[in-house]
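Below you'll find the structure, written out as structure tokens, and then a few comments.
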Amino acid sequence: MDFSSLYVKEGRAISKAKGSLLIAESIPGIKFNEMVDIQLGNGEVKSGQAIDISEEAAIIEVFGGVSEVDLIGSKIRCKGETLKLPVSIDISGRIFNGMGEPIDGGSRVIPEDYLDINGEPINPALRQPPAEFIETGISAIDGLNALVRGQKLPIFSGSGLPHNRIVAQIIRQATVKGKEERFALVFAAIGISYDDASFFMRNLERTGALERTVAFINTASDPVIERISTPKLALTAAEYLAWKQNMHVLVILTDMTNYCEALRELSSMREEIPSRRGYPGYMYTDLATMYERAGRILGKEGSVTIMPILTMPDDDITHPIPDLTGYITEGQIVLSRNLERKGVYPPIDVFLSLSRMMKEGIGPSKTREDHNNVFMQSYAAYAEGCYLREISTIIGAEALGERDKIYLTNADEFERKFISQGEWEKRTVEDTLDIAWELFSTLPEEDLKLIKEEFIKKYLPKYRK
Amino acid sequence: MGKIWRVSGPLVIADDMKGSQVYEVVEIGEEGLVGEIVGLEGNKAIIQAHEDTLGLKVGEVVRGTGRILSAELGPGLVGSIYDGLQKSLLTLGENIGPFIKRGAKASALPRDKKWQFTPKVKVGDAVSQGDIIGVVPETNLIEHRIMVPLGIKGTIKEIRQGDYTVEEPVTWIENGNEVKELTLMQEWPVRKPRPYKQRFDPSGLLTTGMRILDYMFPLALGGKASIPGGFGTGKTVALQQLARWAQTHLNIYVGCGERGNEMSDVLTSFRELKDPNTGILLQEKEIFIANTSNMPVVAREASIFVGITMAEYFRDMGYDILVVADSTSRWAEAMREMSGRLEEMPGEEGFPSYMGSRLSSFYERAGMVECLGNPERKGSVTVAGAVSPPGADFSEPVTQNTLRIIDALYALDVSLANKRHFPSINWLTSYSLYVDAVKDWWNEYDPGWEDTRASALRVLQQEAELEEIVRLVGPEALPEGDKLLLLTARMIREDFLQQSAYHEVDTYCMPAKAGLMLKTIMKFYELAQEMLNSGAGIESIRSSPMVYRISRMKDIPNEAFEQRVKELWSEMDQSLVTGKRVP
Ligand SMILES: Nc1ncnc2c1ncn2[C@@H]1O[C@H](COP(=O)(O)OP(=O)(O)O)[C@@H](O)[C@H]1O
Ligand SMILES: [Mg+2]
């Protein structure tokens, strides 16, 4: 970004430098949260932001830490602006770093506008409830945890679990029934390994999605502080494409755990009172301010759908990162190490997974009339089977009654036939529902009490011609 | 007029503020951001900004308004959608488009709309505070009763019938040689409870249409309840269901630091759904506050008080009001955020030590009262608040402080929610202290309620005890009687307690139907016990068509239920008795 023309004022004496903070003599006219440059004695320039201003002092947070800052030779220069992203339709197909600068060797974007990377809250009264079903071709998602346009649905994973492959499959397969529409992908790599980032980029290239993609890449070796701005830049680009260019935008943010770690680091350098496990008390609001940028708006064509990926430290879903995320997002797709060990791909734990927007997106004219009933009955049957599996580990499966044995087998079959599928297998939602019906046919018919009788007569294999 | 001295997030310190008072509303900077003074030190005022402070500069103006943070009260509230500071979100949308810009203003009550005012008192009548002087038909469901504001009394000098805006005078009250002009609108400081004549214990059932509440853990009019639960356990859906179906005059839905899509879902559904008893669109008995998680944090603190103030105002007209707040945890976090900035001594998990008293200053405004003024009338405010404990661990401070205040607990259970048992209210840990308060109501309606309720809860309790044995020896090794108990418990759980909010019929269950449903299951249990005693096997009971018929009771519409259940009972008498005869 080039702001040199915007430099307006220059502050003087720096009285203290510690961690990532500089305390400078009050800078007249500086704005709260304004971006600044710190010119070091050796000529190097660091960026920073004013996080506390008063008549007595200005506290500047220095991105990348205060190393090499000296109190005499360094100068603070204000940019007169909060952090902004230059945008135009030409951002499509481009790759940027965590400060929004192109890193693909291409030229600078000639901006149509500069957008504040924090965005503005959507007026909740002017939102349009998300209701368009996105068919991902994955049964465990489409059948039981359906994704809709404008939703924010994260993947909770663990290290070594195949979240990247699943997301790549979703990107490859996702379609919305109906008319041809303009859609775009925004991809933000946040502190992930170079290999993981290039896995995604290669995948996008192979499916031809690259030219419709805007990528923001901050790998593990890039500055930690830029992990804070990377997802915000991505969302700003997404909003521009959705609300100004009328596109349907899918935003992939990976790995949000790295974002949260960076936030914690920043907070401890600011010497703030930590909340649970050292994460700042405002992490909920901070994450919500980003995730709430998903949605649809009344009277506007486009949409922003967000799919963040995060790895649960220690596979612990009660850890503050997944916990706060779950409180914000509209559900979560949770991956299970247990299923992975059994060789189930995709290893989606359907009990812990949830899509809160599902009911809006399914049903007659959207997916199929029996979808909601099939969804509920599948859960009930699988839950019963898993409970019996747990009991039978102690008492042995032989000790179960006949009915219970049926449920036990059904749970195994459910994992083998319904949840499991090929990485390149794209199932229609009808296929998905029909697999569920096939599994129902092994259960006593009078147990299908969560399904309307007319649907049983219509879809249960034995009644079908 | 003062000027900005320091800005640090939502904390603003202004200098030259002599003469200000604590809790005074101020306008900060050129854009006039709304703030509230929370402390004074010499000439400096410590201000919490209710809007984003990004871009403010030291030295910008700070203007005192002389007002305490107040709510506008008058015709036009019902059906409105407000932010945490009672700005009309639809007006904001019309003025500035779909994104909320700071400093944008929008009054709570429409200024141009004319309301039809019909006086209820005459010239010469003596009136004083709380007296109803006239009415405005606000919606098809709500008659807005215009009351003499607090602190005013005298004789009516003039009163006008006709169509007026909220700012035009309609009544003149003379007291000595002073004449007060009244309009249809008044204001009230949101942090101050509105007074009443006398307070009563909560009583009478607040019908919710949710079986596990109405029948098992009833909420009384004027009561206070809490719904804690981990994410995805059903807090929001439960509160939405309450706001939809509660048989009150008016409901206030406060979305505090939660999701925007959820809010728009609620708003849309209330434009389409009808009240089951009156058939009138739900939005005609609802006020919404939508202060979503991405909107300024400090305004969350205000939103809850704005909500309860509007509730008290309608209570004072003689109505029963329900306030639901989703989520009080986000509200407490806003308090923590501000307290941290003020460098106050942190209490448990960083929450300020006054968090508990602030929570009770909200919940304590629930209650059933005799209202001020004439004619004599009673009104009530019932409150239900969601709590979002980190990691679903109820030992955390917000849950614990809330438990000290409330009298009905609906504890949501992650493992039930994972299995999609909804509402995921845990029947073993939830409680209601209003059982006595609603006894008369139920007994008039459904004699035997207490017994049926108690015996069903006992079955569930016994099931939980047996569960431990089942895990050791398996379900088949139990004696027949225990197997029957487990079957019955399962029927209570699945065919009675489980209730989908999305089922076209079952979303709202009339108390009469709820009672008959549970009685049917308990009757089945009794008959089946007799069968066992006379030698029938548990398998023949399990496979009885009655089990299936009972599992389909939910599908039967409320109105048809009494008739259909009678048929079911007589079939049950026959088939189970027949079953008894066949060894
Ligand atoms: N009473 C209910 N009936 C049917 N589904 C429910 C019910 N309560 C909750 N759910 C399901 O659980 C999901 C999460 O519920 P929600 O109220 O949003 O949870 P919370 O607010 O506790 O995070 C909903 O999207 C819905 O799918
Ligand atoms: Mg919720």
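Here are some notes:
- Protection proxy ranking for A:232-238, A:259-265, using the average of other Cβ atoms within 10 Å per residue and placing the highest first: A:232-238, A:259-265.
- Total accessible surface hidden between A and B, rounded to 100 Å², 1.4 Å probe: 6600 Å²
- Relative contact order of chain A, defined on C-alpha pairs under 8 angstrom at six or more residues apart (%): 16 percent
- For residue B:175 and residue A:26, the FRET efficiency from 1/(1 + (r/R0)^6), where r spans their Cβ atoms and R0 equals 60 Å, is about 0.65.
- Per-residue ³J(HN,Hα) for the range B:397-403, Karplus 6.51 cos²θ - 1.76 cosθ + 1.60, θ = phi - 60°, Hz, x for Gly and Pro: x, 5, 4, 5, 5, 5, 4
- Cα centroid of the range B:227-268 to Cα centroid of the range A:76-124, whole Å: 37 Å
- Annotation for residue B:555 and residue A:15: the two label points, set 7 Å from Cα along the Cα-Cβ direction, are 7.7 nm apart.
- Label point 7 Å beyond Cα of residue B:116 along Cβ direction - residues of the range B:140-161 with amide nitrogen under 12 Å: B:140
- Amide H contacts of residue B:56 (H built 1.01 Å from N, under 5 Å, at least 5 apart or other chain): A:32
- From phi via Karplus (6.51, -1.76, 1.60), per-residue ³J(HN,Hα) for the range A:355-369 in Hz, x at Gly/Pro: 10, 6, 9, 3, 4, 6, x, 10, x, x, 6, 10, 10, 7, 4
- The alpha carbon centroids of the range B:462-477 and the range A:272-338 are separated by 39 Å.
- Residue A:465 paired with residue A:110, simple spin-label distance in nm, labels 7 Å along Cα-to-beta-carbon: 6.5 nm
- Carbon/sulfur fraction of accessible area - the range A:85-361, other protein chains in place, 1.4 Å, %: 50 percent
- Å² per residue, accessible surface of chain B at 1.4 Å: 36 Å²
- Nearby aspartates and glutamates by direct alpha-carbon distance to residue A:79 (threshold 12 angstrom, same-chain neighbours under 8 apart not counted): A:2, A:10, A:34, A:37
- Calculated FRET value between residue B:574 and residue A:413, using beta carbons and R₀ = 45 Å, to 0.05: 0.70
- Distance violations [Cα-Cα > 23 Å] among A:244/B:101; B:122/B:192; A:417/A:462; A:16/A:46; B:285/B:419: B:122/B:192; B:285/B:419
- FRET E, pair residue B:567, residue A:393, Förster distance 45 Å, beta-carbon r, rounded to 0.05: 0.50
- Prolate/oblate/rounded call for the range A:85-361, Cα gyration tensor, a/c under 1.5 rounded: rounded
- Peptide B:304-310 - average C-beta neighbours from other chains (10 Å radius): 0
- Chain-alone versus full-assembly comparison, the range B:78-94, residues with accessible loss of at least 20 Å² (1.4 Å probe): B:89, B:90, B:93
- Ranked by how many other beta carbons lie within 10 Å on average, peptides B:186-198, A:214-226 from highest: A:214-226, B:186-198
- Per-residue HN-Hα couplings for the range B:502-519 [Karplus 6.51, -1.76, 1.60; θ = phi - 60°; Hz; x = Gly/Pro]: 9, 7, 4, 8, 6, 4, 10, 10, 5, x, 4, 5, 4, x, 5, 4, 5, 4
- The Cα atoms of the range A:371-464 give a gyration tensor whose axes a ≥ b ≥ c have a/c of 1.5 or more with a/b no greater than b/c, which makes the shape oblate.
- Each residue of the range A:14-81 gets 69 Å³ once the volume of the Cα convex hull is shared out per residue.
- Rounded if a/c under 1.5, otherwise prolate or oblate - the protein assembly as shown, Cα gyration tensor axes: oblate
- Partner lysines whose Cα lies under 21 Å from the Cα of residue A:177, excluding those fewer than 8 positions away in the same chain, are identified as A:152, A:300, A:359, A:366, A:426.
- For the residues of A:281-291, the average number of beta carbons from a partner chain within 10 Å of their own beta carbon is 6.
- DSSP beta bridges confined to chain B are antiparallel in about 70 percent of cases.
- Test item: A:315-328 mean partner chain Cβ contacts at 10 Å: 4
- Relative contact order %, chain B, counting alpha carbon pairs below 8 Å whose residues are six or more apart: 13 percent
- Chain A - accessible surface per residue (Å², probe 1.4 Å): 37 Å²
- Less than 5 angstrom separates the built amide H of residue B:135 from those of B:118, B:120, B:146, all sequence-distant by 5 or more or on a different chain.
- For the range B:480-583, averaging the sequence separation of C-alpha pairs within contact (under 8 Å, six or more residues apart) and dividing by the residue count gives a relative contact order of 39 percent.
- Nonlocal amide H pairs with residue A:155, under 5 Å, H built at 1.01 Å: A:309, A:310, A:333
- Where labels lie 7 Å past Cα in the beta-carbon direction, separation of residue A:40 and residue B:101 in nm: 4.1 nm
The values are calculated or read from the model by the stated rules, or taken from the named source; none is laboratory data. Because the structure is predicted, anything quoted here is derived from the model rather than measured. No Cβ is skipped: glycine too gets one built from the backbone with ideal geometry, and neighbour counts run over all protein chains shown. Side chains included, ligands, DNA and RNA excluded: accessible areas come from the protein's heavy atoms. Shrake-Rupley method; radii C 1.70, N 1.55, O 1.52, S 1.80 Å.
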